[in-house]
Amino acid sequence: MSSVFTKIIQREIPSEIIYEQEDIIVIKDIHPQAKTHLLIIPKKEIETINHLEESDRNLIAEMFFVAKKVAKNLGIEQGYQLHFNVGEKGGQEVMHIHLHLLSNI
Ligand code: 5GP
């Protein structure tokens with residue numbers, strides 16, 4: 001079954017899309033934990049960081065470049081946090097990797 005993020009990517013579920021490119025989408029988190037709380041999501045459905053393959057190396061790097069670009073576009077580049085939750089015991093609820101970007105600027 002598709003993840004909730006795949007459904008968002010395929011426009012089956014609405015969300016606030018902040019940025020999109022061929023392989024990555026950035027949306028607003030539905031339950032923000034900071035003034036700005038975004039999710040940087042690869043369109044490829046990878047369950048957790050533990051499921052990464054060697055061929056995903058560039059995609060993961062690109063997620064950080066997208067974080068940098070979006071932070072600059074939003075004027076929050078002076079201060080933000082980036083994190084991945086990994087696995088249920090690591091607080092991961094949606095099993096489709098995503099990089100949280102949070103800022104209170
Ligand atoms: P996790 O705990 O898996 O690292 O983070 C999942 C995040 O996805 C949570 O912060 C949660 O609020 C967010 N989320 C879950 N479902 C939806 C949704 O349907 N739309 C949006 N925009 N965010 C969601």
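No value in this document is a laboratory result; all are computed from the given coordinates. Note that this is a predicted model, so its numbers are computed, not measured. Neighbour counts are summed over all protein chains in view; Cβ atoms, including those assigned to glycine, are modelled from backbone coordinates with ideal geometry.
Entry note: the stretch 1-57 has Rg to Rh equal to 0.98, where both radii use alpha-carbon atoms and Rh is the Kirkwood radius. Remark: the stretch 54-63, residue by residue, has Karplus-estimated 3J(HN,Hα) of 3, 6, 8, 3, 5, 5, 5, 4, 4, 4 Hz, where x stands for each Gly or Pro and the curve is 6.51 cos²θ - 1.76 cosθ + 1.60 at θ = phi - 60°. Subtracting the Cα-Cα distance of residue 45 and residue 105 from 0.36 nm times their residue separation leaves 18.5 nm of extension gain.
How far is the Cα center of the stretch 24-60 from the Cα center of the stretch 75-105, in Å? Each part reduced to its Cα centre gives a spacing of 8 Å. May I ask which residue of 49, 4, 75 lies farthest towards the positive end of the charge dipole of the stretch 4-103, with charges of +1 (Lys, Arg) and -1 (Asp, Glu) on Cβ and the Cα centre as origin? Sorting the options by dipole projection puts first 75.
The alpha carbons of the chain stretch over 36, 31, 30 Å along the principal axes, in descending order. Provide the net charge surrounding residue 57, with neighbours chosen by a C-beta distance below 15 Å and charges set as Lys +1, Arg +1, Asp -1, Glu -1. So the surrounding residues net to -4. Among residues other than residue 44 with Cβ under 9 Å from its Cβ, the summed charge is -2 (Lys and Arg +1, Asp and Glu -1).
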